[in-house]
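The structure appears below as C-alpha cells.
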Amino acid sequence: MDILLIAGLWLDGSAWDDVVPELTALGHHPVPLTLPGQGDGDTSATLDDQLGAVLAAVDAAPGKPLVVGHSAAATLAWLAADARPEKVAKVALVGGFPSAHGQAYADYFAMEGGAMPFPGWDPFEGADAADLDQQARDRFASAAVPVPEGVAKGVVRLTDERRFDVPVVVVCPEFTPAQAKELVAAGDSPELARAARLEYVDLDSGHWPMATRPRELARVLAEAANS
C-alpha cells in the first residue's frame, strides 16, 4: 500500500528518512511529502497550496493510500479524507488531532516577516522533547523551515461528511491512548468524536517518533495499513 507521510510544522519530507526504509522492508510504498512552503523555498505558500500537494499525491496513488499526518499535519490528513473520502483508505494521526471547520490551521507561535519560525525548545519541554538529546535538538533547530503565514493562519474548510466514515488511527506518542480518549470524549476534538471507526495505538516516545523511534513508528503504520 502507498503510505503518504506528512510531517508537522517546520519539517520537510526528509523528516521521514529513517522511517521510509523500515516501511519499505515491511512491504509498503512510503511517499514522504515536502509541502509547499516547507522545504521548497516558497514563502508565499498557503494552506490550500499544501492541501493541493497532498491531494495530488492521493490522486497519484495507484490504489487507496494510508494518509499519515504528524502533529499539526493531522489536519492536512483529515482535509484529504474530507476532499477524497472515496479514495483515502485510512488516516493515521501521529501526535496530533485535526482542527475543526473554521479554525486556523496552526496559528500557535509568533510570526516574523510573514512566517512562523521554530520558537525554540521552551514550549516543548517535558513529554514532547524528553527523548531528544542535545544533538538531535540542535539538528532539528538548524533544519527547521519557518512556516509561511498563509499556511499557519489558513482557515480549515471541511465540506463532506463522508469523511467520518474513513477509518482513523490515532498514534499516541507523548500522550497515552487513555488521555487521547479523554480529550475526544471531553469535546476537544469534535471531528474525531464523530468518526465512525476510530482506534488508538500507543507508541512510547516523544512528539517526534520519526526521529527517535522510526522502526517502532514504521511498524505501527504498517499495521494500520494492513488492517
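Please treat every number below as a calculation from the coordinates, not as lab data. Remember, predicted model here, so these are calculated numbers, not experimental data. Glycine also receives a Cβ, built like all others from the backbone with ideal geometry; neighbour counts cover every protein chain displayed.
Using 1/(1 + (r/R0)^6) with R0 = 22 angstrom and r between the beta carbons of ASP202 and ASN226, what's the FRET efficiency to the nearest 0.05? Don't jump to the answer; show the numbers that get you there.
Numbers: r = 18 Å, r/R0 = 0.81.
Efficiency, from the Cβ-Cβ distance: 0.80.
What list of ³J(HN,Hα) couplings, whole Hz, do you get for the stretch 192-201 from phi and the Karplus terms 6.51, -1.76, 1.60, once you set θ to phi - 60° and write x for glycine and proline?
Each residue's phi maps through the Karplus curve to give 5, 4, 9, 5, 6, 10, 10, 10, 10, 10 Hz.
On a full-extension model of 0.36 nm per residue, what is the gain between PHE109 and GLU182, subtracting their alpha-carbon distance, rounded to one decimal in nm? Walk me through the numbers on the way to the answer.
On the way: separation 73, 0.36 × 73 = 26.28 nm, distance 2.58 nm.
Gain in length upon complete extension: 23.7 nm.
Between THR34, THR212, THR24, where does the largest GNM mean-square fluctuation fall for the chain, given springs only between Cα atoms within less than 10 Å?
THR24
Which residues' amide hydrogens lie under 5 Å from the amide hydrogen of MET116, considering only partners 5 or more residues apart or on another chain, with H built in the peptide plane?
VAL147, GLU149
Among DSSP bridges having both ends in the chain, what percentage is antiparallel? Round to the nearest 5. Before the final figure, lay out the partial values.
Values: 4 of 27 bridges.
Close to 15 percent.
Which distance in Å, rounded to a whole number, links the C-alpha centroids of the stretch 24-76 and the stretch 89-141?
What the calculation gives is 17 Å, centre to centre.
What nm value, rounded to one decimal, do you get for the distance between LYS64 and ARG137 when each label is placed 7 Å out toward the C-beta?
Inter-label distance under the simple model: 4.4 nm.
For Cα pairs less than 8 Å apart in space and 6+ apart in sequence, what is the mean separation divided by the residue count of the stretch 1-94, i.e. the relative contact order in percent? Kindly include the intermediate steps, with their values, before the conclusion.
Details: 174 pairs, mean separation 30.3, N = 94.
Computed value for the stretch 1-94: 32 percent relative contact order.
Of PRO190, GLY114, PRO173, whose Cα points farthest to the positive end of the dipole of the stretch 109-196 (charges on the beta-carbon: +1 Lys, Arg; -1 Asp, Glu; origin at the Cα centre)?
The one lying farthest along the dipole's positive direction is PRO190.
Under 5 Å between amide hydrogens, which residues at least 5 positions from VAL170 or on another chain qualify, with H placed 1.01 Å from N in the peptide plane?
Answer set, sorted by chain and number: LEU93, GLU199, TYR200, VAL201.
In deg cm²/dmol, rounded to 500, what helix-only [θ] at 222 nm does the chain give when every DSSP H run of at least 4 residues adds -39500 (n - 2.57) and the total is split over its residues? Before the final figure, lay out each step's value.
Values: 9 runs with 74 residues, N = 227.
-9000 deg cm²/dmol, from helical runs alone.
Run the numbers on the chain and let me know its relative contact order in percent, using alpha-carbon pairs under 8 Å that are six or more apart. Write out the running numbers ahead of the final one.
Numbers: 480 pairs, mean separation 55.5, N = 227.
Across the chain, relative contact order equals 24 percent.
Mean Kyte-Doolittle of at least -0.5 and a Cα length of 15 Å or more along the axis: which whole DSSP H helices of the chain meet both?
Numbers: long enough: 47-60 (20 Å, 0.90); 214-226 (18 Å, -0.16).
Result, helices passing both filters: 47-60, 214-226.
Would you work out the relative contact order for the stretch 86-177, in percent, from Cα pairs under 8 angstrom that are 6 or more residues apart? All intermediate terms of the calculation are to be shown ahead of the outcome.
On the way: 93 pairs, mean separation 50.3, N = 92.
After rounding, I find 55 percent.
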